[in-house]
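Student: I have a structure I would like to understand better, so I am pasting it below and will then ask my questions one at a time.
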Amino acid sequence: MDWSVGILVGIILIAGIAFALIYVAQRMPQNQDDPLANRLNEFSQRGEAVSLDEIELSQPFAERVIYPVLRQFGEIAARNTPQNAIQETTRKLELAGKAGFVDAPMFLASRFVLAGVFAVATMVVFTITILAAPFSRALLYSIIAAALGFYFPQLWLSEGIKKRQLEIRKAMPDALDLLTICVEAGLGFDAAMSNVAEKWDNELSLAFARAIREIQLGKVRRDALKSMSDRIELAEMTSFVAAIIQSEQLGVSMAKILRIQAEQMRMKRRQYAEELAHQAPVKMLLPMIGFIFPSIFIVLMTPAALRIMGSNVFGG
């Protein structure tokens, strides 16, 4: 059983890499500052004379060892992946709001790592445990598990995109109301967006804050708003940005445009809630068929079955 020991060692190593990948993806900060430089500045402010080796050893283990290893996996994945796939993955990470946590090469590497973990774990389960099966069947199960492991990160990313878009859709009417109040009070549109970004802590406020930073760095407001819309890909946001740009070009009152947009966003949010409410009965069919109906059948049919068995109808 030497090969089984090798498989166990392999699964332990791959599982460790996958765990490290998930840990770093969750704990990695939004900004991309050099942690070594930050640590050096921290010691400099304290006035302590330390060497670079001591500063590097003072960093967490994930930043010193795990993250560089994962970065190497990401570079290998990037070299063997078409550029279009990397660009598409980067775009989806932007849409999900995960671009600051994980980049496209690391995300692609995580798919292969999880596929390997699922495949090796399934092979071990169906070869050296009580669920042992023929090698051909175990191999088939491993291939299916590898496909699932390869697909799970993509599913996680898709769910992140939907969750972010839903959060922005819910927050837009209230944010536009605040924008309208600020503009009617005499503030400029940029200052009103800054107030929205400071008041709330959600995906919409983060998008507004990023657009404001781009404008402050010299980007034209029109281009900054279009970039914000592209990073969200929501019909309501696209309509809002188009109305703001047209208001600037045609000289229409900004407060009037914002008030109209707020009313439209509120109506769209109500329509979306009604649509979900109409979908509820259809979604309830599967739980009813799978859980409620069998229980009803058991309650109704068990007394009759017991009476038939006790009456010896079948000559038992």
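Student: Look through V299, V241 and report the one residue that is under 18 Å from D174 (Cα atoms) and either polar (S, T, N, Q) or without any contact (Cβ under 8 Å) to a residue 24 or more places away in the chain (or both).
Tutor: On the way: V299 fails: under 18 Å from D174 (Cα atoms).
Of the residues listed, the single one that is under 18 Å from D174 (Cα atoms) and either polar (S, T, N, Q) or without any contact (Cβ under 8 Å) to a residue 24 or more places away in the chain (or both) is V241.
Student: Does G149 satisfy being touching a Gly at 6+ places or on another chain (Cβ under 9 Å) and either surrounded by fewer than 18 Cβ atoms within 10 Å (Cβ to Cβ) or not in a helix (DSSP H, G or I) (or both)?
Tutor: So G149 fails the test.
Student: Moving on. I'd like to know if the range 175-185 contains one or more residues that are modelled with pLDDT under 90 and outside any helix (DSSP H, G or I).
Tutor: yes
Student: Mind checking which pairs have a first residue in the range 258-272 that is more than 9 Å from F240 (Cα to Cα) and a second that is basic (K, R) and surrounded by 14 or more Cβ atoms within 10 Å (Cβ to Cβ), Cβ under 8 Å, 6 or more apart or different chains?
Tutor: Qualifying pairs under 8 Å: K268/R169; R269/R169; R269/K170; Y272/R169.
Student: Just the residues that are surrounded by fewer than 20 Cβ atoms within 10 Å (Cβ to Cβ) and within 16 Å of F150 (Cα to Cα), please, taken from the range 117-128.
Tutor: A121
Student: Among the residues of the range 75-97, which ones are outside any helix (DSSP H, G or I) and buried (at least 19 other Cβ atoms within 10 Å of the Cβ)? First the steps, then the outcome.
Tutor: Looking only at the range 75-97, we keep the residues that are outside any helix (DSSP H, G or I), and these are 80-82, 97.
Within the range 75-97, G97 is the sole residue that qualifies.
Student: Look through the range 158-187, keep the residues that are within 14 Å of the chain's Cα centre (by Cα) and surrounded by fewer than 18 Cβ atoms within 10 Å (Cβ to Cβ), and return whichever of them is nearest to A273 (Cα to Cα).
Tutor: Residue satisfying both the conditions and the ranking: L166.
Student: Test T81 against the stated conditions and say whether it is at pLDDT 80 or above and either assigned by TED's automatic domain parsing to the domain that holds R210 or closer than 30 Å to A207 by Cα (or both). Spell out the reasoning first.
Tutor: Values: at pLDDT 80 or above: no; either assigned by TED's automatic domain parsing to the domain that holds R210 or closer than 30 Å to A207 by Cα (or both): yes.
No; evaluated as a whole, the condition is false for this residue.
The values are calculated or read from the model by the stated rules, or taken from the named source; none is laboratory data. Small disclaimer: the values here were computed from a predicted structure and weren't measured. Cβ: placed from backbone, ideal geometry, glycine included. Neighbour counts: every protein chain shown.
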